[in-house]
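Step one of this worksheet: look at the structure below.
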2 protein chains.
Amino acid sequence: MQERPAYLLVADELRHRIQRGRYPPGSKLPTFEELQRAYGVSEIVIRNAVALLRHEGLVDTRRGGGTVVRRRPQARRLAMDRYRAEGNLGVGGNPAAGNGPATSFTADHGIGWGEYRLSARYTTMGADAELAALFGVDLGTPLLRRRFVFHAREEPEQISVNFLPLDLVAGTPVADPAREPWPGGTPAQLASLGHPVTRIEESVSARMPTTAEAQTLRMSHGTPVFAILRLMISGDAVLEVCRHIVIPADRVVLDYRIDLAGPPGLSG
Amino acid sequence: MQERPAYLLVADELRHRIQRGRYPPGSKLPTFEELQRAYGVSEIVIRNAVALLRHEGLVDTRRGGGTVVRRRPQARRLAMDRYRAEGNLGVGGNPAAGNGPATSFTADHGIGWGEYRLSARYTTMGADAELAALFGVDLGTPLLRRRFVFHAREEPEQISVNFLPLDLVAGTPVADPAREPWPGGTPAQLASLGHPVTRIEESVSARMPTTAEAQTLRMSHGTPVFAILRLMISGDAVLEVCRHIVIPADRVVLDYRIDLAGPPGLSG
DNA sequence: CAGTGGTCTAGACCACGCT
DNA sequence: GCGTGGTCTAGACCACTGT
């Protein structure tokens with residue numbers, strides 16, 4: 001029977017106590033010095049143990065502020081129906097249906113239009129291999145590249161980097177950053193150009209954030225992100241490629257519905 | 001201008017080299033001692049830097065084996081259409097369509113029936129609050145609990161913990177662990193009981209694995225997992241609740257399609 | 001200002017992979 | 001057996017939080 005490293009034993013013990021409610025969310029763990037004495041080990045053992053819990057997303061540590069059991073933020077549910085609402089908004093014309101302008105983002109976060117802010121950066125570039133394949137166009141085809149950081153109540157919540165064919169949007173209000181935020185979002189923009197979105201495809205990945213992403217989104221350690229590749233399709237044409245929507249994974253649950261009742265796929 | 005800690009500078013440098021291809025996937029980084037000398041810092045600085053990269057999922061370290069740039073496993077695409085195939089399988093009766101028995105899992109992994117194995121553990125329990133709400137039954141209603149670990153070529157790939165109403169399956173082959181693996185999976189099982197699945201709902205979360213999950217799935221460090229809550233619905237009745245499907249997130253991409261062309265939601 | 005966690009040093013021994 | 005990364009000691013100074 002080989003001995004488990006001391007820091008793992010300490011981590012197991014602390015984890016157990018957190019999960020059993022001995023250290024409830026929001027409470028402080030004992031200081032390193034106290035833990036050191038309690039377990040009769042050196043500081044680095046405690047440090048390694050706490051670092052492990054931090055990378056598991058169980059605790060947060062702050063200089064001078066102690067080690068705090070993380071509160072699980074209640075996750076928002078991102079339902080696919082929100083896109084339906086956006087589409088209708090765009091098609092119908094004015095968003096005068098209810099409480100003023102809206103977007104899937106504002107609906108998701110339950111915030112008003114005034115609490116919604118985004119920072120935008122627009123550039124143009126030629127399609128690289130991946131984008132060319134997704135759009136079904138030639139390499140180097142001019143695209144409008146838009147990078148958004150969505151804020152709810154001044155808190156950064158989501159990064160989006162997306163692309164539109166330049167020949168579709170050049171000279172239109174859609175290509176004007178000053179027009180953002182746009183009620184109804186991208187579906188409304190595409191509808192305003194005469195191309196209502198008929199299908200959306202989302203490819204969901206999860207990974208650890210890059211340091212830049214963690215900084216932009218003010219993320220706590222030990223939290224993965226969703227990285228979603230999204231296509232907006234009108235008829236058979238891909239009109240928008242969102243290369244990545246990046247969302248901290250502790251803040252959302254993605255809801256999808258799959259209907260099997262209708263006629264299944266053709267072949268086979 | 002405050003100074004960035006040394007270990008972050010070293011991590012930045014190494015990360016940059018990895019991303020630029022200076023250290024390609026599968027290659028070894030210099031040893032700690034070499035890095036120490038190269039940067040003129042103590043060992044712990046190197047250690048902290050490499051630990052950071054490991055938690056970001058960029059490298060793997062092994063005692064005696066050096067620090068290796070992780071190869072990105074090519075992610076499998078889990079498309080929602082696979083459920084359609086399963087449903088047809090069950091309804092049609094025999095799975096004699098093509099290459100023998102199949103499941104969404106075998107299709108996903110491109111493996112034959114012989115390379116597919118699962119370990120199963122069945123128990124019964126009363127519905128807790130969450131399950132009762134999802135099934136729409138009373139607290140304590142008897143349920144069959146099934147825990148599966150799916151293996152492809154003897155590699156553990158996926159954990160599933162799911163529940164069926166006991167009054168639906170008691171005494172049927174579905175409640176017999178020895179009948180697994182079952183061609184067509186759960187949709188086929190439900191169809192065999194006269195309840196074809198008409199709708200599936202999936203709620204996708206991502207988080208760091210528990211230590212038990214990491215061990216069961218033989219995961220490398222710094223990799224999050226998808227945790228999917230899945231409902232199988234026939235008509236208006238929830239027939240199966242999969243409380244969590246756990247899949248290492250570096251191995252899959254989840255594809256979803258959202259059709260907007262049809263009649264939108266009723267209200268509003 | 002006291003207390004806390006963060007970074008770092010110099011050094012030791014251990015466990016594992018490779019050859 | 002040798003070299004690698006893993007664990008650990010004892011101690012120092014720094015940066016931030018709270019009072």
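The values are calculated or read from the model by the stated rules, or taken from the named source; none is laboratory data. Being a predicted model, the structure only gives us computed values, none of them experimental. Here the Cβ positions follow ideal geometry from the backbone for every residue, glycine too, while neighbour counts run over all protein chains shown.
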For the range A:50-62, check the following and say yes or no: at least one residue is over 23 Å from A:Leu8 (Cα atoms), under 24 Å from the mean Cα position of the chain (by Cα), at pLDDT 75 or above and at the interface with another protein chain (Cβ under 9 Å from one of its Cβ atoms). no
Taking only pairs six or more apart or across chains, which ones have beta-carbon atoms under 9 Å, a first residue in the range B:22-42 that is touching a residue at least 40 places away in the same chain (Cβ under 8 Å) and closer than 15 Å to B:Leu53 by Cα, and a second residue that is assigned to a helix (DSSP H, G or I) and within 12 Å of DNA strand D (Cβ to nearest atom)? B:Tyr23/B:Leu14; B:Leu29/B:Leu14; B:Leu29/B:Leu35; B:Leu29/B:Val50; B:Leu29/B:Leu53
Working only within the range B:142-155, note down all residues that are in contact (Cβ under 8 Å) with a residue 24 or more places away in the chain and closer than 17 Å to B:Cys242 by Cβ. B:Leu144, B:Arg146, B:Arg147, B:Phe148, B:Val149, B:Phe150
From A:Val50, A:Val68, residue being closer than 23 Å to A:Arg20 by Cβ, in a strand (DSSP E or B), within 16 Å of DNA strand D (Cβ to nearest atom) and of a type outside the set (S, T, N, Q): A:Val68
Quick one: would you say B:Gly222 is in a loop (DSSP other than H, G, I, E, B) and at the interface with chain A (Cβ under 7 Å from one of its Cβ atoms)? yes
With respect to B:Thr172, determine if the residue is of a type in the set (Ser, Thr, Tyr) and more than 10 Å from every other protein chain (Cβ to nearest Cβ). yes
Here the residues within the range B:141-156 that are under 10 Å from B:Tyr116 (Cβ atoms) and within 12 Å of the chain's Cα centre (by Cα) are B:Phe150, B:His151
Of the residues in the range B:34-47 that are within 11 Å of DNA strand D (Cβ to nearest atom) and loosely packed, with under 12 Cβ neighbours inside 10 Å, the one that is farthest from the other protein chains (Cβ to nearest Cβ) is B:Glu34
Picked from the range A:17-62 (must be over 21 Å from B:Val225 (Cα atoms) and of a type in the set (Gly, Ala, Ser)), the residue farthest from DNA strand C (Cβ to nearest atom) is A:Gly21
Candidate set: the range A:1-14, residues that are surrounded by 17 or more Cβ atoms within 10 Å (Cβ to Cβ) and closer than 17 Å to A:Thr67 by Cα; chosen: the one farthest from DNA strand D (Cβ to nearest atom): A:Leu14
What tally of residues in the range B:63-72 results from selecting those that are within 15 Å of DNA strand C (Cβ to nearest atom), at pLDDT below 90 and either among the aliphatic types (A, V, I, L, M) or within 14 Å of B:Ser27 (Cβ to Cβ) (or both)? 2
Would you be able to say whether some residue in the range A:170-184 is more than 16 Å from the chain's Cα centre (by Cα) and within 28 Å of B:Arg77 (Cβ to Cβ)? no
Which one of B:Leu260, B:Leu217, B:Leu229 is buried (at least 17 other Cβ atoms within 10 Å of the Cβ) and over 27 Å from A:His244 (Cα atoms)? B:Leu217
Identity of the residue in the range A:15-33, within 14 Å of DNA strand D (Cβ to nearest atom) and at negative phi, that ends up nearest to the other protein chains (Cβ to nearest Cβ): A:Phe32
May I ask you to verify whether A:Glu86 is of a type in the set (Asp, Glu) and either modelled with pLDDT of 90 or more or within 16 Å of DNA strand D (Cβ to nearest atom) (or both)? no
For A:Ala11, work out the one condition from (1) outside any helix (DSSP H, G or I); (2) away from DNA strand C (no atom under 13 Å from the Cβ); (3) under 25 Å from A:Ala249 (Cα atoms) it doesn't fulfil. (1)
Just to verify a result, which residue in the range A:234-255, among those that are in a strand (DSSP E or B) and at the interface with chain B (Cβ under 10 Å from one of its Cβ atoms), is farthest from the chain's Cα centre (by Cα)? A:Ser234
Residue that is nearest to B:Arg207 (Cα to Cα) [pool: residues in the range A:183-205 that are more than 14 Å from every other protein chain (Cβ to nearest Cβ) and surrounded by fewer than 20 Cβ atoms within 10 Å (Cβ to Cβ)]: A:Pro183
Residue under evaluation B:Arg243, criteria (1) surrounded by fewer than 21 Cβ atoms within 10 Å (Cβ to Cβ); (2) over 26 Å from A:Ile247 (Cα atoms), criterion not met: (2)
